[in-house]
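Asker: First the structure, which I've put down as structure tokens, then a few questions once you've had a look.
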Amino acid sequence: MSAVAKRYARALYEVASEKQAIDTTEVELNQITNIIKQSDELNMLLTHPKVTAAEKKGILNELFVGKVSETTLDFLNLLLERGREDELNDIAKQFTELSNEARGFADATVITAKPLTEAELEKVAEQFGQKVNKKLRVATKIDPSIIGGIIVRIGDRLYDGSIKGKLARFTQQIKQAQV
């Protein structure tokens, strides 16, 4: 993540905090980035060097006026004026990290070979939440290639308890022992 994205996210976080709109701003940023990701045409327009900042502002204002807060819209316009629209995804991620940190939350991705029940998911969230001293918001992914077990990613930490991971570590140990 670039230093620019971190600075912009911090600035937006401070403004949203003053206005007591951190949750709203986070949701709006994520919605906007998802809309842009899903529309190749919109993404191309916003990143095209020959489309002026004023034209880009017009497009975004047309799409989002009345649908997002003034704070979020002003921020988007600022990014366009400064030619930083390509940083929006990283800014949104960093903003989420800042708001999670302030609330004592962390986002976790749980990867399993087969779907977990709600009770199993809650237990995983509780146990790993205690490890990092945060309440976890869990997203799940299914990956049959891990064979069994579980992989949990929390921020830049990775807990690999999968059979595939254990086999890879075992293979590495055997290779090192033969040397």
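No lab work stands behind these numbers, since they all come straight from the coordinates. These numbers come from a predicted model, not from an experiment. Glycine gets a Cβ as well: all are built from the backbone with ideal geometry, and neighbour counts include every protein chain shown.
Asker: Note the angle between two axes, namely the Cα long axis of helix 118-132 and the longest principal axis of the Cα atoms of the chain, as a number of degrees from 0 to 90, rounded to the nearest 10.
Answerer: So the inclination is approximately 80 degrees.
Asker: In sequence order, what are the phi-derived ³J(HN,Hα) couplings for segment 100-114 according to the Karplus relation 6.51 cos²θ - 1.76 cosθ + 1.60 with θ = phi - 60°, rounded to whole Hz, with x for glycine and proline?
Answerer: 4, 4, 5, 8, x, 9, 8, 8, 10, 10, 10, 10, 9, 6, 9
Asker: While we're on this one: Rounded to two decimal places and with Rh computed the Kirkwood way over Cα pairs, what is Rg over Rh for segment 1-77?
Answerer: Using Cα coordinates only, the ratio equals 0.97.
Asker: If you don't mind, there's one more thing I want to ask. Hey, got the dipole for segment 22-123? About the Cα centre, +1 on K and R Cβ, -1 on D and E Cβ, debye to the nearest 20?
Answerer: Rounded to the nearest 20 debye, it is 200 debye.
Asker: Let me know the volume per residue of the alpha-carbon convex hull for segment 35-105, in Å³.
Answerer: Enclosed volume per residue, from the Cα hull, is 98 Å³.
Asker: Next question. Based on the Cβ-Cβ distance of D156 and K114, what FRET efficiency does E = 1/(1 + (r/R0)^6) give at R0 = 22 Å, to the nearest 0.05?
Answerer: 0.25
Asker: Go through G104, T72, F170 and say which Cα lies farthest out towards the positive end of the charge dipole of the chain; charges sit on Cβ, +1 for Lys and Arg, -1 for Asp and Glu.
Answerer: My answer, from the dipole projection, is F170.
Asker: Using θ = phi - 60° and the Karplus curve 6.51 cos²θ - 1.76 cosθ + 1.60, what whole-Hz ³J(HN,Hα) does each residue of segment 48-64 get, with Gly and Pro shown as x?
Answerer: The phi angles translate into 6, x, 8, 8, 6, 4, 5, 5, 5, 4, x, 5, 5, 5, 4, 6, 10 Hz.
Asker: Further question: Suppose every K and R has +1 on its Cβ and every D and E has -1 on its Cβ; what is the size of the dipole of the chain about the Cα centre, in Debye to the nearest 20?
Answerer: 920
Asker: Per residue, how much space in cubic angstrom lies within the convex hull of the C-alpha atoms of segment 37-159?
Answerer: Cα convex hull per residue, to the nearest whole number: 154 Å³.
Asker: Give me the percent relative contact order of the chain, please, defined on Cα pairs under 8 angstrom at least 6 residues apart.
Answerer: Value for the chain: 20 percent.
Asker: Sort largest first and round to whole Å: the equivalent ellipsoid semi-axes of segment 110-179, each the square root of five times a Cα gyration tensor eigenvalue. Each step should come with its number before you reach the end.
Answerer: On the way: eigenvalues 138, 45, 15 Å².
Value: 26, 15, 9 Å, ordered largest first.
Asker: Something else about it: What is the dipole size for segment 3-74, taken about its Cα centre, with +1 at each Lys and Arg Cβ and -1 at each Asp and Glu Cβ, in debye to the nearest 20? Don't jump to the answer; show the numbers that get you there.
Answerer: Values: 9 positive and 11 negative charges, 60 e Å.
Charge dipole, segment 3-74, about its Cα centre: 280 debye, nearest 20.
Asker: Then there's this: Work out from phi, with θ = phi - 60° and the Karplus expression 6.51 cos²θ - 1.76 cosθ + 1.60, the ³J(HN,Hα) of each residue of segment 154-164, listed in order in whole Hz, and give x for Gly and Pro.
Answerer: 10, x, 9, 9, 10, 10, 10, x, 7, 5, 4
Asker: For K134, what residues show an amide H to amide H distance below 5 Å, using hydrogens built from the backbone and excluding near sequence neighbours?
Answerer: Distant-sequence amide H within range of K134: zero hits.
Asker: If the chain between Q31 and I59 were fully stretched, how many nm would it gain, using 0.36 nm times the residue separation less the Cα-Cα distance?
Answerer: Value of the extension gain: 8.5 nm.
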